[in-house]
1. Given the chain, what percent of its DSSP beta bridges are antiparallel, to the nearest 5?
2. For region 83-161, build the convex hull from the C-alpha positions and give me its volume per residue in Å³.
3. Below 8 Å between Cα atoms, with a sequence gap of 6+, how large is the relative contact order for the chain in percent?
4. Take region 38-82, compute every pairwise Cα distance, and split them into 5 Å bins from 0; I just need the percent in each bin.
5. Can you compute log10 of I(q)/I(0) for region 82-121 with the Debye formula, treating each Cα as one identical point scatterer, at q = 0.17, 0.33 Å⁻¹?
6. Take residue 34 and residue 143, extend 7 Å from each Cα along the Cα→Cβ direction, and tell me the distance between the two endpoints in nm.
7. Exactly which trypsin sites (Lys or Arg not before Pro) in region 30-94 are in a DSSP loop and have at most 13 other Cβ atoms within 10 Å?
8. Which semi-axes, in whole Å and largest first, does the equivalent ellipsoid of the chain have when worked out from the alpha carbon gyration tensor as the square roots of 5 times its eigenvalues?
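No value in this document is a laboratory result; all are computed from the given coordinates. These figures come from a predicted structure and were not determined experimentally. Glycine also receives a Cβ, built like all others from the backbone with ideal geometry; neighbour counts cover every protein chain displayed.
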Amino acid sequence: MAPVDWKEAWKVGRTPWDAGASAPALHELLQRELVPSGRVLVPGCGTGYDLATLARDDREVVGIDLSEDARAAFIAAHPNLPGTVVYEVTDFFSYGPGSGFDFVWDYTFFCALDPDQRGAWANAMSRLVRPSGILATLLFPFEDPISDREGPPWPINAALVRAFVGDVFEEIEVREMADTHPGREGKERLALWKRRGS
C-alpha cells in the first residue's frame with residue numbers, strides 16, 4: 001500500500017484520526033502524576049492538543065510534526081500557554097534536540113508508521129529519552145494476536161513494542177484503558193517504559 005502523505009492530509013483536512021482533544025490516557029497520566037517536570041516531547045503532535053494539555057510552568061514541552069498547516073492551527077488555537085511550548089516542523093527520525101527528554105508521549109505515533117520504520121523509531125527513542133526517562137506509548141489498535149490487517153493505523157501490541165525497545169527500556173506497566181475516545185473501547189493499552197541507565 002502507498003505511504004501516507006501526512007502533509008497533504010493535514011492540508012486538505014483528511015485527518016480522521018484527529019479526535020479534537022487529548023486522549024483520556026494522557027489525562028490519567030497527569031492525574032497519577034506520572035508526567036515529570038523538565039523536558040517533554042510529543043512526536044507527531046498534529047494540531048497540538050497534547051502540547052496544551054502538558055503545558056505547565058515547570059515543563060518545556062516540544063511537539064514535532066511534518067505539517068506546517070497543523071502547526072498553524074495549533075498556534076491559532078493556543079496563543080498563551082504556561083511554561084515553554086515549542087512546535088517544530090521537522091522529521092522525527094532526523095530530529096536532534098541537543099539534549100534528551102525526561103518524558104516522551106507517543107500517542108499512536110508508532111502505529112501510524114510503516115512497519116519498516118519501527119527499528120528506526122526504536123533507535124530514535126533510545127537517543128531522545130534520557131537515562132531514567134519515561135517513554136509512554138498508547139497502543140492502538142491493540143490486537144493479541146496481531147492480525148494481518150494493513151494500516152495505518154497498524155495493529156500492534158505490547159509484545160511487538162517490547163521487541164523493539166526491550167534492550168534499552170525496562171517495562172513499567174501495560175494496562176487496558178477503560179476510558180477512551182469513542183470507538184476505541186477495548187482497543188487501547190497504555191504502556192510505560194523506563195530508559196535504562198542513570
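1. Percentage antiparallel, nearest 5: 40.
2. Taking only Cα atoms, region 83-161 has a hull volume of 109 Å³ per residue.
3. Once normalised by length, the contact order is 18 percent.
4. 5, 25, 33, 25, 10, 2
5. -0.61, -1.32
6. The modelled label-to-label distance comes out at 2.5 nm.
7. 32
8. Its equivalent ellipsoid spans semi-axes of 22, 21, 17 Å.
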